[in-house]
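Report on the following structure.
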Amino acid sequence: QVQVVESGGGLVQPGGSLRLSCTASGSIFTLDVMGWYRQAPGKQRELVAVTTSGGTTNYTDSVKGRFTISRDNAKNTVYLEMNSLKPEDTAVYYCNAAIIPRYGNPLIGYWGQGTQVTVSS
């Protein structure tokens, strides 16, 4: 079994900062791409940022310069540092981890349960 657990969401004022964490655990043979997605009410889930095991990163345009994704491969953990937050960043943030659970298994994307981020004064 594989578990993906996020933490760090909450309520913050516009212009504030939050740091999200996501850890994958359980049966992991290979942990590949890890990423953050978000879903606002009435909208589709969208990619926020991703990072490969080698450290390559990619961001959606709306968060470039404000959000930073990083990972600690030794801890199977990915972080999302969010600065200069705006009300439009309000959403449930989900972590996705691309994992091969055992040798010979295919690569599977595992989702966390999500953490709420609310930006409001």
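The values are calculated or read from the model by the stated rules, or taken from the named source; none is laboratory data. All values reported here derive from a predicted model rather than from experimental measurement. Backbone-built Cβ (ideal geometry, glycine too); neighbour counts: all protein chains shown. Surface accessibility is based on the protein's heavy atoms, side chains included, excluding ligands, DNA and RNA. Shrake-Rupley method; radii C 1.70, N 1.55, O 1.52, S 1.80 Å.
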Computed over the chain, protein heavy atoms only, probe 1.4 angstrom, the accessible area per residue in square angstrom equals 52
What nm value, rounded to one decimal, do you get for the distance between Asn58 and Val2 when each label is placed 7 Å out toward the C-beta? 1.8
Which lysines, on any chain, are close to Lys43 with Cα under 19 Å apart, when same-chain ones fewer than 8 places away are left out? Lys86
Just grab the label-to-label distance for Lys86 and Asp32, each label 7 Å out from Cα along the Cβ direction, in nm (one decimal). 3.3
More than 18 Å apart - percent of Cα-Cα pairs taken over the range 43-88: 31
List the lysines whose alpha-carbon lies under 23 Å from that of Lys75, not counting same-chain residues fewer than 8 positions away? none
Only Lys, Arg (+1) and Asp, Glu (-1) charged, at Cβ; the chain dipole about Cα centre in debye: 40
Carbon and sulfur %, accessible surface of the chain computed with the full protein complex present, 1.4 Å: 48
Within the chain, what's the longest run with no chymotrypsin sites (Phe, Trp or Tyr not before Pro) in a DSSP loop and at most 14 other beta-carbon atoms within 10 Å? Give the range, please. 30-102
From the Cα gyration tensor of the chain, with a ≥ b ≥ c the square roots of its eigenvalues, which class applies: rounded if a/c is under 1.5, or else prolate if a/b is larger than b/c, or else oblate? prolate
Would you mind checking which residues have amide H under 5 Å from Gly114's amide H? H placed 1.01 Å from N; only 5 or more apart, or other chain. Glu6, Cys95
